[in-house]
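Report on the structure given below.
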Amino acid sequence: MKRLALAALASVAVIVAVAAPAVTVTAWGNTGHRLIGVAAMRALPDDLPAFLRTPGAVADVGELAREPDRWKGAGQPHDRERDTAHFVDLDDQGRVMNERGMTLAELPRLKSEYDAALTKAGMDVNDAGWLPYAMIDAWQNLERDFAYWRVLTAAEARETDLERQAWYRADRLRREALILRDIGVMGHYVGDGSQPHHTSIHYNGWGDHPNPEGFTNSRRTHAIFEGEFTSRVARLDAVEAAMPAPSDVAGFDPRARAAAYLGATLGTVVPFYRLEKAGGFAEADPRGAAFVTERLAAGAAELRDWTTAAWRASASSSIGWPAVKVAEVEAGTADPWLSMVGED
């Protein structure tokens, strides 16, 4: 059965089985995504723009990190395209779907090439998912945001024409709103990538696969873990305390970074099922709480680092048309007016 159909069944099962608000199998529920967004923003290094660290910005990203789940139900083709961006189903050897699929390290440059390769191998991207491309696309978009913000900020500070200065200021404020929105969207997909079920063919119970350890096949497994259980045990202070130190983002390659990150999450799938079998996700079991905290902290740390990498990469960008170099505008050696407003 298709992942999305199973998701619907799992949601119904949760409603019937537990006395908690209805949750959809998405990745983390509202609690998880909020915590990842807030923890990441609170951990941003000091060289990033100060507006990102205001309480309002932190809270906004926490809410906006839920946005891709709130898009659902818009209709087709929107839903089919975007619903399958939340996951990538990897087998136990780390290949997309099965032995005919590629590894994360072998992902083609373009999503269209990925789709074509899966089709040629007799698979369907709607079954496989395309989470790595959603993450990469969101990072590239954020890098553009930051590049424009750098130019607008520098130009606003130097401009002596009051009308132009006012335009730069207004456009900078528009860009700041876009930046928060785009960090939130990127944060959603990065957060999805820390949830074990969103990197595995074993996404809702172990499924119809060899099962020598006798892991559960309950279709409630995924939804209860990410929703009802997480909302009960997850705490911001614990997530922040568990976040690993910032990584070196010099020369950041989002494709390689996505492959490493999602591969690491895949490595938590079997430990999840072993813990589930041992009763670790019953009530407020501290073992399950520790697992949730570690996974949310991994997502928050990754979002912090992807955001930092986008900011630092933007310093060497060129933007607008005609293209203008960010570094030259910041140095005061280039006038970006036509590039920002447009020649026409």
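What to note about this one:
- Table column - 3J(HN,Hα) (Hz), segment 126-137, Karplus curve with 6.51, -1.76, 1.60, x for Gly and Pro: 5, 7, 7, x, 9, 3, x, 5, 4, 5, 5, 4
- Sorting the segments 174-183, 191-200 by their residues' average number of neighbouring beta-carbon atoms within 10 angstrom, most packed first, yields 191-200, 174-183.
- Rounded to the nearest 20 debye, the dipole size of segment 153-263 about its Cα centre is 160 debye, using +1 on the Cβ of Lys and Arg and -1 on the Cβ of Asp and Glu.
- Tilt relative to the chain, helix 162-192 - C-alpha long axis, 0 to 90 degrees, to 10: 10 degrees
- Förster radius 45 Å - calculated FRET efficiency between Ala260 and Leu173 (Cβ-Cβ, nearest 0.05): 0.80
- Only Lys, Arg (+1) and Asp, Glu (-1) charged, at Cβ; the chain dipole about Cα centre in debye: 580 debye
- Dipole of the chain [Lys/Arg +1, Asp/Glu -1 at C-beta], most positive-end residue of His188, Gly279, Ala260: Gly279
- Structural descriptor for the chain: relative contact order 25 percent, calculated from alpha carbon pairs under 8 angstrom and at least 6 residues apart.
- Pairs of lysines in the chain (C-alpha under 27 Å apart; 8 or more residues apart or interchain): 6
- Couplings 3J(HN,Hα) of segment 245-255, computed from phi: 4, x, 9, 6, 9, 4, x, 3, 10, x, 5 Hz, in residue order, whole Hz [Karplus 6.51 cos²θ - 1.76 cosθ + 1.60, θ = phi - 60°; x for Gly and Pro].
- Per-peptide average of other Cβ atoms within 10 Å, ordering 129-142, 322-335 highest first: 129-142, 322-335
- Taking amide hydrogens as placed 1.01 Å from N in the peptide plane, the amide H of Ser200 sits under 5 Å from those of Val88, Leu90, each at least 5 positions away in sequence or on another chain.
- The length gained by stretching the chain between Glu63 and Arg82 to full extension, at 0.36 nm per residue less their Cα-Cα distance, is 5.0 nm.
- Farthest toward positive dipole pole in segment 204-311 [+1 Lys/Arg, -1 Asp/Glu at C-beta], among Ala289, Trp311, Asn211: Asn211
- The H on the amide N of Val324, modeled in the peptide plane, is under 5 Å from the matching H of Ile319, each at least 5 residues off or on a different chain.
- Size descriptor, Kirkwood hydrodynamic radius, that averages inverse alpha-carbon separations across segment 199-344, Å: 18.6 Å
- For the chain, the 222 nm mean residue ellipticity estimated from helices alone, with every DSSP H stretch of n ≥ 4 adding -39500 (n - 2.57) and the total spread over all residues, rounds to -17500 deg cm²/dmol.
- Under the convention that each Lys and Arg Cβ holds +1 and each Asp and Glu Cβ holds -1, the size of the dipole of segment 130-173 around its Cα centre is about 80 debye.
- Gyration tensor (alpha-carbon) shape descriptor, segment 195-270, a/c threshold 1.5: oblate
- For Thr216 and Ala157, a Förster radius of 56 Å and the Cβ-Cβ distance give a FRET efficiency of 0.45, rounded to the nearest 0.05.
- Of the solvent-accessible surface of segment 63-108, computed with a 1.4 Å probe over protein heavy atoms with every protein chain present, carbon and sulfur atoms account for 46 percent.
The values are calculated or read from the model by the stated rules, or taken from the named source; none is laboratory data. Bear in mind the structure is a predicted one, so any value in this text is a computation, not a measurement. We place every Cβ from the backbone using ideal geometry, glycine too, and count neighbours over all the protein chains shown. Ligands, DNA and RNA are stripped out before the accessible areas are found, and what is left, the full protein with its side chains, is counted by its heavy atoms. Shrake-Rupley method; radii C 1.70, N 1.55, O 1.52, S 1.80 Å.
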